[in-house]
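Here is the structure we will look at.
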Amino acid sequence: MTLHDPNYNFAYLDEQTKRMIRRALLKALAIPGYQVPFASREMPMPYGWGTGGVQVTAACLTPEDTLKVIDQGADDTTNAVSIRKFFQRTAGVAVTEQTAQASVIQTRHRIPETPLIEGQILVYQVPIPEPLRFLEPRETETRRMHALEEYGLMHVKLYEDIAHNGEISTAYAYPVKVEGRYVMDPSPIPKFDNPKLESAAIQLFGAGREQRIYALPPYCRVTSLDFEDHPFEASKADHDCDLCGCATSYLDEVIVDDAGGRMFVCSDTDFCTGRREGGHRGRLSPEDMA
Amino acid sequence: MKMIRVSDVSKSFVLHNQGGAVIPVMAGAELSVAPGECVALVGNSGAGKSTLMRMIWGNYLCGSGAITVGDVDVARAEPREVLRMRRELMGYVSQFLRVVPRVPTLEVVAEPALRAGVAREVALSRARSLLARLNLPEPLWALSPTTFSGGEQQRVNIARGFVHDFPAMLLDEPTASLDATNRAVVLDLIREAKARGAAIVGIFHDEAARAEICDREIDVSRFAPGAA
Amino acid sequence: MTPLLQARGLTKHYGARLGCGNVSFDLYPGEVMGIVGESGSGKSTLLSCLAGHLSPDAGEVIFDTRDHGPQDVLRMSEPARRMLGRTDWAFVHQNARDGLRMGVSAGANVGERLMAVGARHYGDIREQATDWLGRVEIAADRIDDRPRAFSGGMQQRLQIARNLVTGPRLVFMDEPTGGLDVSVQARLLDLLRGLVREMGLSAIVVTHDLAVVRLLADRLMVMKGGAVVEAGLTDQVLDDPQHGYTQLLVSSVLQV
């Protein structure tokens with residue numbers, strides 16, 4: 001463990017703010033899927049870059065934690081690198097790119113492929129926490145709808161999908177019902193990840209601009225909404241990873257030249273690296289090309 | 001047993017917007033009609049024939065006294081009781097045709113029967129046979145009667161009044177603006193209604209028709225306030 | 001027979017001003033009652049109190065519920081009242097935009113109430129939506145269009161379909177033909193009258209248009225300054241008005 005920059009309080013936020021956020025987190029865990037308002041602080045980054053997730057991570061971190069930060073599954077993108085550096089500097093915690101080694105993982109738009117275990121915490125960055133927002137713009141009304149479990153509107157959205165596209169085309173931020181009670185936006189993760197929301201880890205969701213925190217305690221029941229004749233499907237691109245050959249992981253499509261050439265690679269970089277180190281090969285693995 | 005009974009009925013209009021003027025129009029009106037009987041209301045224009053008829057129909061309030069049609073006390077009944085009376089007991093051939101625009105003539109005519117609970121096919125077939133009897137050209141049946149001529153509208157009104165076998169009927173100038181052929185059809189319809197036992201109150205300016213069809217005449221001017 | 005809806009002494013003040021005062025009536029199954037009066041007469045306030053959109057200062061609104069018989073709607077729990085609003089009650093707004101979701105298709109607008117009461121079979125929902133669009137004379141191929149692309153009359157008909165799809169027993173209508181062209185009004189009236197009769201609906205129709213109530217309503221209440229000044233059978237109130245205000249109202253209608 002390295003020391004953190006002494007000019008900052010541990011993990012940037014002051015202790016009172018962290019306590020306030022922890023209280024919100026405890027309430028959120030006690031009422032799975034319910035959006036708890038919290039007094040979101042100004043963070044040294046713009047809204048939309050994970051201010052909610054960062055505050056939740058800051059409130060959870062202890063000096064002994066090992067932190068992993070991913071953005072769309074990758075550890076090496078700008079957003080992930082910046083946030084990781086931010087906590088290295090302000091909290092001095094150990095960092096890792098390996099899912100299995102991390103005690104706290106902050107994520108944007110993905111759930112790691114490697115199954116999470118008890119004791120791990122997954123923190124999501126959330127842009128718009130209200131799943132009913134696009135259909136009902138009034139906050140007073142959406143709160144009442146949650147309170148009274150009036151969720152017919154959620155199916156209106158799915159109905160529209162089928163009516164216009166022949167199938168439920170919502171591919172990410174696919175709404176779920178938590179423990180048979182609250183309808184929740186799982187943040188913009190691909191619907192492929194929805195089944196992984198039922199997990200051994202603690203899952204915390206932070207929306208900085210919208211000032212909301214919500215949570216899924218371990219082993220909580222999470223059902224993706226659907227119709228009887230159009231059941232939920234955790235779909236992905238119909239390919240194998242071109243680097244590690246994995247047929248079951250979520251893939252990113254990468255355009256590789258100006259002639260329309262493209263490849264599919266695991267969106268989870270740590271997972272893909274681990275498989276390649278274990279000897280798995282894909283269609284375009286560099287070793288084969290050489 | 002009388003089907004329609006009017007006893008000691010009086011009526012006055014209060015014109016609140018013209019200095020509260022009170023205009024008494026009727027006092028001590030008496031009338032009773034038995035099943036199978038046709039009674040004509042006569043008297044000069046303004047004597048109160050239409051007023052009395054409207055009080056029986058219930059669209060004019062009865063000032064005092066009693067009006068009963070079958071088991072319904074029209075003068076005191078709740079709106080829904082009056083509506084039931086109109087639905088089940090009494091047909092009305094008025095001089096005015098008031099219909100929802102766009103509704104085809106056939107539906108307009110069948111409506112009272114449908115409301116009385118007659119099966120749709122039966123009601124429509126009766127409507128068709130009445131319109132045919134009244135010589136309304138078949139191409140018009142599918143059109144709304146709102147744009148029809150006066151005589152055509154009158155025949156629609158008559159068909160509407162006779163489409164169901166009501167035990168009581170009100171006829172307001174049923175033969176007005178009709179040619180001889182259709183006039184004869186209407187008189188036949190009235191005779192048939194009498195024969196099946198309908199109690200009928202009518203206003204006929206057509207004296208020949210009145211003489212031919214009515215059993216009694218009631219001179220309404222007798223009920224003018226102060227006349228007695 | 002038990003009245004479907006009973007209003008007892010409904011009173012609503014806006015500060016010192018009276019919205020509606022001590023209004024009582026019974027509405028029986030299958031009855032259509034019109035409420036007429038000029039703007040500010042309290043007719044819309046009364047409708048809002050009846051439909052549970054406003055809470056009155058005093059009075060009771062007793063509805064004959066399917067499961068528990070007559071219940072005071074004002075003392076029901078909010079979930080129960082909102083459930084009533086999605087099932088046995090319907091509310092047709094003057095402005096279709098207030099009663100429709102403009103951002104979703106016509107089919108979804110009709111289907112929403114079905115989904116709100118638990119329908120989860122897309123095919124069935126769509127079939128019912130198609131059927132209802134037909135009943136309100138909207139072509140089946142418009143089912144996936146948004147109401148923004150519809151004319152005013154079509155929007156109003158869509159609103160009616162959306163409201164009636166769950167087979168309500170009581171419909172509140174606030175100026176249902178207001179703001180529409182006369183020819184469009186006539187079509188809508190014809191449609192409403194047919195549906196009311198066919199489904200055996202009870203309805204309360206607020207309007208300032210006497211022609212609308214004559215064609216649609218069995219009974220009439222005339223309001224002025226928050227109070228009911230006259231009530232009775234529709235054609236009786238219009239043909240033989242007793243109160244000075246009603247006489248003025250009836251004599252002010254332009255004849256064509």
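If you go through segment B:18-29 one residue at a time, do you hit one that is touching a residue at least 12 places away in the same chain (Cβ under 8 Å), assigned to a loop (DSSP other than H, G, I, E, B) and buried (at least 18 other Cβ atoms within 10 Å of the Cβ)?
First pass over segment B:18-29, keeping only residues touching a residue at least 12 places away in the same chain (Cβ under 8 Å): B:24-29.
Filter once more, so that each one left must be assigned to a loop (DSSP other than H, G, I, E, B): none.
Checking segment B:18-29: not a single residue is touching a residue at least 12 places away in the same chain (Cβ under 8 Å), assigned to a loop (DSSP other than H, G, I, E, B) and buried (at least 18 other Cβ atoms within 10 Å of the Cβ).
Looking at residue B:35, is it within 19 Å of the chain's Cα centre (by Cα) and either modelled with pLDDT of 95 or more or loosely packed, with under 15 Cβ neighbours inside 10 Å (or both)? If you could, list the steps in order and put the result at the bottom.
Details: within 19 Å of the chain's Cα centre (by Cα): yes; either modelled with pLDDT of 95 or more or loosely packed, with under 15 Cβ neighbours inside 10 Å (or both): yes.
Yes: the conditions hold for residue B:35.
Within segment B:40-56, restricting attention to residues that are touching a strand residue (DSSP E or B) at 6+ places or on another chain (Cβ under 6 Å) and on the phi > 0 side of the Ramachandran plot, which residue is nearest to the other protein chains (Cβ to nearest Cβ)?
In this case the residue turns out to be B:48.
Return the residues of segment A:17-33 that are within 12 Å of residue A:204 (Cβ to Cβ), open to solvent by less than 40 Å² (accessible area, probe 1.4 Å) and not small (Gly, Ala, Ser); say none if nothing qualifies.
Across segment A:17-33, the qualifying residues are A:21, A:25, A:32.
Would you mention how many residues in segment A:56-73 are closer than 25 Å to residue A:177 by Cα and either out of contact with any strand residue (DSSP E or B) (no Cβ under 7 Å at 6 or more places or on another chain) or polar (S, T, N, Q) (or both)?
Going through segment A:56-73 one residue at a time, the tally reaches 3.
Return the residue satisfying two criteria in turn: it lies in segment B:57-79 and is at the interface with another protein chain (Cβ under 9 Å from one of its Cβ atoms), surrounded by 20 or more Cβ atoms within 10 Å (Cβ to Cβ) and free of Cβ contacts under 8 Å to residues at least 24 places away in the same chain, and of such residues it is farthest from residue C:240 (Cα to Cα).
B:79
Of the numbered conditions (1) at pLDDT 95 or above; (2) out of contact with any helix residue (DSSP H, G or I) (no Cβ under 7 Å at 6 or more places or on another chain), residue C:108 satisfies every one except a single condition; which is it?
The failed condition is (2).
Hey, among the residues in segment C:1-25 that are in contact (Cβ under 8 Å) with a residue 40 or more places away in the chain and among the aliphatic types (A, V, I, L, M), which one's most open to solvent (accessible area, probe 1.4 Å)?
Once the filter is applied, the top-ranked residue is C:18.
Hey, could you check segment C:26-51 for residues that are of a type outside the set (A, V, I, L, M) and within 14 Å of another protein chain (Cβ to nearest Cβ) and say which is most open to solvent (accessible area, probe 1.4 Å)?
C:29
All but one of (1) under 30 Å from residue C:105 (Cβ atoms); (2) open to solvent by less than 10 Å² (accessible area, probe 1.4 Å); (3) more than 14 Å from every other protein chain (Cβ to nearest Cβ) hold for residue A:216; state the number of the condition that does not hold.
Among (1) under 30 Å from residue C:105 (Cβ atoms); (2) open to solvent by less than 10 Å² (accessible area, probe 1.4 Å); (3) more than 14 Å from every other protein chain (Cβ to nearest Cβ), residue A:216 violates only (1).
Any residue at all in segment A:35-44 that's farther than 26 Å from residue A:190 by Cβ, acidic (Asp, Glu) and surrounded by 19 or more Cβ atoms within 10 Å (Cβ to Cβ)?
No, segment A:35-44 contains no residue that is farther than 26 Å from residue A:190 by Cβ, acidic (Asp, Glu) and surrounded by 19 or more Cβ atoms within 10 Å (Cβ to Cβ).
Can you list the strands (runs of 3 or more DSSP E) lying wholly within segment C:193-256 that have 2 or more residues being at pLDDT 90 or above and either surrounded by fewer than 22 Cβ atoms within 10 Å (Cβ to Cβ) or facing another protein chain (nearest Cβ under 9 Å) (or both)?
C:219-224, C:227-233
Among (1) more than 28 Å from residue B:29 (Cβ to Cβ); (2) open to solvent by 20 Å² or more (accessible area, probe 1.4 Å), which single condition is residue B:130 missing?
(2)
For segment A:159-200, give me each residue that is of a type in the set (Gly, Ala, Ser) and either closer than 23 Å to residue C:112 by Cα or open to solvent by less than 10 Å² (accessible area, probe 1.4 Å) (or both).
The answer is A:163, A:166, A:169, A:171, A:173, A:180, A:187.
Of all residues in segment B:80-94, how many are open to solvent by 40 Å² or more (accessible area, probe 1.4 Å) and more than 13 Å from chain C (Cβ to nearest Cβ)?
Counting residues in segment B:80-94 that are open to solvent by 40 Å² or more (accessible area, probe 1.4 Å) and more than 13 Å from chain C (Cβ to nearest Cβ) gives 1.
Quick check on my filter: what residues within segment A:1-53 are assigned to a loop (DSSP other than H, G, I, E, B) and of a type in the set (Val, Ile, Thr)?
Selection gives A:2, A:31.
Based on what the data block shows, is residue C:54 surrounded by 22 or more Cβ atoms within 10 Å (Cβ to Cβ) and either within 14 Å of chain A (Cβ to nearest Cβ) or part of a loop (DSSP other than H, G, I, E, B) (or both)?
No.
Which number in (1) more than 23 Å from the chain's Cα centre (by Cα); (2) at pLDDT 95 or above marks the one condition that residue C:118 misses?
(2)
Looking only at segment A:234-290, which residues are part of a loop (DSSP other than H, G, I, E, B) and charged (D, E, K, R)? Working first, answer last.
Step one: of segment A:234-290, the residues part of a loop (DSSP other than H, G, I, E, B) are A:234-250, A:256-261, A:267-268, A:278-285, A:290.
Those that are part of a loop (DSSP other than H, G, I, E, B) and charged (D, E, K, R): A:236, A:238, A:240, A:242, A:257, A:258, A:268, A:281, A:283.
Within segment B:101-124, is even one residue open to solvent by 20 Å² or more (accessible area, probe 1.4 Å) and within 23 Å of residue B:2 (Cα to Cα)?
yes
Would segment B:192-206 turn up any residue that is modelled with pLDDT under 95 and over 12 Å from residue B:42 (Cα atoms)?
no
If residue A:47 satisfies all but one of (1) closer than 20 Å to residue A:111 by Cβ; (2) out of contact with any strand residue (DSSP E or B) (no Cβ under 7 Å at 6 or more places or on another chain); (3) open to solvent by 10 Å² or more (accessible area, probe 1.4 Å), what's the number of the condition it fails?
Condition (1) is where residue A:47 drops out.
The values are calculated or read from the model by the stated rules, or taken from the named source; none is laboratory data. None of the values given here were measured: they were computed from a predicted structure. Note that each Cβ is placed from the backbone with ideal geometry, even for glycine, and that neighbours are counted across all protein chains shown. Heads up: the accessible areas ignore ligands, DNA and RNA and are worked out on the full protein's heavy atoms, side chains in. Shrake-Rupley method; radii C 1.70, N 1.55, O 1.52, S 1.80 Å.
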